[in-house]
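As structure tokens, the structure follows; a few thoughts come after it.
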Amino acid sequence: MTIDSPGALLRRYGLQARHSWGQNFLIAAEVHAAIAIASGARPGRRVIEIGAGLGTLTDRLLATGAEVWAIERDRDLCAVLRAELGDRPNFLLHEADAVRFDYAAAIAGQPEPVAIVGNLPYQLTGPLLFALLEQAPHAGPWVVMVQKEVADRLCARPGEDDYGGVTAVLSRMRTIARVRNVPRGCFLPAPRVDSAVIRFDARPEPLGGPVADEAGLRHLVRTAFQQRRKVLINSLAALGSRAEAQAWCAAAGIDPGVRPEKLGPEQFAALQRARETSGAGAA
């Protein structure tokens, strides 16, 4: 069984997209297929779908034989999902806020890593990715749709204009690759911007090696990028004295005159270890 198109479902249930929630329903079957393939969905594997919406991607994932846990907070859309997909034995709906969902419990005890997919609303992209980083560091892959400009930033390398603190933190733990770009015409209603599907895969070990306090490392990166055009020593002065910042750079083997966007996850990890050694590394 294949459910109807988003347009037909909206008409059948008398619904409209909620613009305030960033609802744009994917209507391109080839993009649904690309996401399903990239997720590795197959019989015996659990897939968590963030923002199941009208269930068109859910339907494609269920067709692979995977067990799909769908998260959706819109009550009207949950009613559609129950009516259209509720009889599928491998479908479980969670009427919940995806930012506050207990991903750790959802992935616990599974025989293989749980895949996580979803079309992430622009305003929730950062909170959702960091929620996954906190709760599901070894789950994977994550295959998510984001605005193209966000994808450009997340896929950027140190020294490139789009590179920033979020990329430095996420790429420490996961490889980040673009699956495909998705033009705005692939959605109903069409947004004003293009999108892209990106895939995050867990690294065997964090880039740059272990640190004692990952939260402290994230705070360091965030502080360094708050004024990204400042040289590193001036940015780090917000975390201690200028003399301390100079000592951290020396211990990490990093030029204090470099700008933060030139540093990769390995260099930030080295700086965090230097801070920890000096007793100043906590967030």
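Just to confirm my numbers, what's the Cα centroid distance between the stretch 216-283 and the stretch 141-164 in Å?
The stretch 216-283 and the stretch 141-164 have Cα centres spaced 23 Å from each other.
Under 8 Å for C-alpha pairs, at least 6 residues apart: give me the relative contact order for the chain, rounded to a whole percent.
15
Among Asp162, Asp255, Asp59, determine the one that fluctuates most according to a GNM of the chain built with springs between C-alpha atoms less than 10 Å apart.
So, out of Asp162, Asp255, Asp59, the one fluctuating most is Asp255.
Need one number: % antiparallel among DSSP beta bridges in the stretch 81-221, to the nearest 5.
Roughly 80 percent of the beta bridges in the stretch 81-221 run antiparallel, per DSSP.
Out of the total accessible area of the stretch 1-125 (probe 1.4 Å, heavy atoms of protein only), what percent is carbon and sulfur?
51
Using alpha carbons only, how many degrees (0 to 90, rounded to 10) separate the axis of helix 214-226 from the longest principal axis of the chain?
Here the helix axis deviates by roughly 80 degrees.
Given 0.36 nm per residue, what is the gain on full extension from Asp255 to Ala28 after removing their alpha carbon distance, in nm?
Length gained between Asp255 and Ala28: 76.9 nm.
Which of the chymotrypsin sites (Phe, Trp or Tyr not before Pro) found in the stretch 173-235 are in a DSSP loop and have at most 16 neighbouring Cβ atoms, other than their own, within 10 Å?
For chymotrypsin sites (Phe, Trp or Tyr not before Pro) across the stretch 173-235 that sit outside H, G, I, E and B with at most 16 neighbouring Cβ atoms in 10 Å, the list is empty.
Rolling a 1.4 Å sphere over the protein heavy atoms, what is the accessible area per residue of the stretch 174-236, to the nearest Å²?
Result: 50 Å² of accessible area for each residue.
The values are calculated or read from the model by the stated rules, or taken from the named source; none is laboratory data. Nothing here was measured: the structure is a model prediction, and the numbers come from that model. Because the Cβ atoms are built from the backbone with ideal geometry, glycine has one as well, and the counts that use them run over all protein chains shown. To get the accessible areas, we keep the full protein, side chains included, count just its heavy atoms, and leave off ligands, DNA and RNA. Shrake-Rupley method; radii C 1.70, N 1.55, O 1.52, S 1.80 Å.
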